[in-house]
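The values are calculated or read from the model by the stated rules, or taken from the named source; none is laboratory data. Since this is a predicted model, take the numbers as computed values, not measurements. Here Cβ is always computed from backbone atoms with ideal geometry, including for glycine, and neighbour counts include all displayed protein chains.
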Amino acid sequence: MTYLNALAQPVLEIPPSINAAAWQNRSRTAPARWNTYLNQVCSQTVSDWLQDARETLDRTALQNLWQLVNGTSFRLNAHRIIVIPDKTMDTREFRVPQEWVDIPSWVGDYYFAAQVDPDEATILIWGYTTHAQLKALGEYDASDRMYSLDAEQMSQDFAVFALTRELYPQAVTRAEIAALAPVPAVQAENLVQRLANPEILQPRLEIPFQLWGALLEQSEWQQRLGQLRQGVRSVSLRQWLQNTIAEGWQTLDSLLGDEPALAYRFRQTADATRPTVQCVKILELREHTFWLSVVIEQEEGDRLSVRVQLRGAERDEILPSGVMLTMLSSAGEVVQSVEARDQDNLIQLRRFRCSAGTEFSLQISFDRVQVTEDFIA
């Protein structure tokens, strides 16, 4: 990291590799593409400058977040730092999205103002404030849901920032804020589907803040919405319970409607007292046809019970030896896996339960060919 000056307001160089990579983001709308660029160059450059700081989310989660809100959070020892980048040359006021101020789990201790100059590939860290000062002195604009603070009301000497943290580590930096009521799973799913529409350029302004903030505070829904805004679509199991079946999938009854006896044989046992849906997707691997069957049951609260089975398309067909069915976590880690042996006509995973918003993948592998299906509960 090269420091262009070591004065009160540091100017940081954006490394060429970081600058080039940041322009390659896959955002589908111009505002999100620009927002992602600003935050990506800022997060990586400022992280090096802060040295001991670490981002509070992994890179994939950050890419999803930046589709929705401007800003990045860091953990610097006991303090949470929120960095808000902007390309404007006007440093007379600091503007902070409401999400970073009024969502309880997002609140920071210190807020840094960062001016990004793409032409010069530099970032000026020109001032900072605390959450308490933002709430007490900041002016809230309901039209764009931003808090603004005049530059004169901010601290602009980062040598003082370092000294303050060292001498007064217990200083009060946060104001009290009200909790947000959680959004029920069905309502959250409906909101996510609605706000995923790329024609909505500012989803954060589309619904009341109490709903929007509560949706983002549930990280599963926030990540899901960010993915959809980028065009990354997972199969929503919860929508199956509302009779909305994902493209490429069919209910067992619609697939075998004229063969009730065969449908009965394929149907997996379920609790008749609970809402249950069984869907099948037909897959082709190496000239073999497989039926991937997923059964979901609504349990108490927002939890789903999930059972997964793989079998051949023909009655009593023996699976080819070596075909594998694997469940992966959202991080790509193997949760469980099963492999077909000689004379197996089906393989199945152990039943598992997941709460609303949980993401996972099912992977079918055979003869060096893989097919992966992504899901969200």
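Of the conditions (1) touching a helix residue (DSSP H, G or I) at 6+ places or on another chain (Cβ under 7 Å); (2) at pLDDT below 85; (3) closer than 27 Å to E206 by Cβ, A8 clears all except one; give me its number.
(3)
Looking only at region 349-373, how many residues end up being within 24 Å of E300 (Cα to Cα) and either surrounded by fewer than 17 Cβ atoms within 10 Å (Cβ to Cβ) or within 22 Å of the chain's Cα centre (by Cα) (or both)?
Count: 12.
Does L134 satisfy the condition of being in the same structural domain as A159 (by TED's automatic domain parsing), crowded, with 19+ Cβ neighbours inside 10 Å and under 23 Å from L201 (Cβ atoms)?
no
Condition first: among the charged types (D, E, K, R) and touching a residue at least 60 places away in the same chain (Cβ under 8 Å). Can you find one or more residues in region 130-149 that meet it?
Yes, the conditions are met somewhere in region 130-149.
Please go through region 78-103 and give me each residue that is free of Cβ contacts under 8 Å to residues at least 60 places away in the same chain and part of a loop (DSSP other than H, G, I, E, B), ordered by number.
K87, T88, M89, D90, R92
Could you count how many residues in region 298-329 are part of a strand (DSSP E or B) and either more than 35 Å from the chain's Cα centre (by Cα) or closer than 14 Å to F366 by Cβ (or both)?
Final tally of qualifying residues: 6.
Taking the stated definitions as given, is S143 part of a strand (DSSP E or B) and either of a type in the set (K, R) or surrounded by fewer than 19 Cβ atoms within 10 Å (Cβ to Cβ) (or both)?
Judged against the criteria, S143 is not a match.
Quick check on my filter: what residues within region 349-377 are modelled with pLDDT of 90 or more and farther than 26 Å from E220 by Cβ?
Matches in region 349-377: S365, F366.
Can you name the residue in region 245-267 that is at pLDDT below 85 and over 19 Å from R311 (Cα atoms) and, of all such residues, is farthest from the chain's Cα centre (by Cα)?
Within region 245-267, the match that is farthest from the chain's Cα centre (by Cα) is D258.
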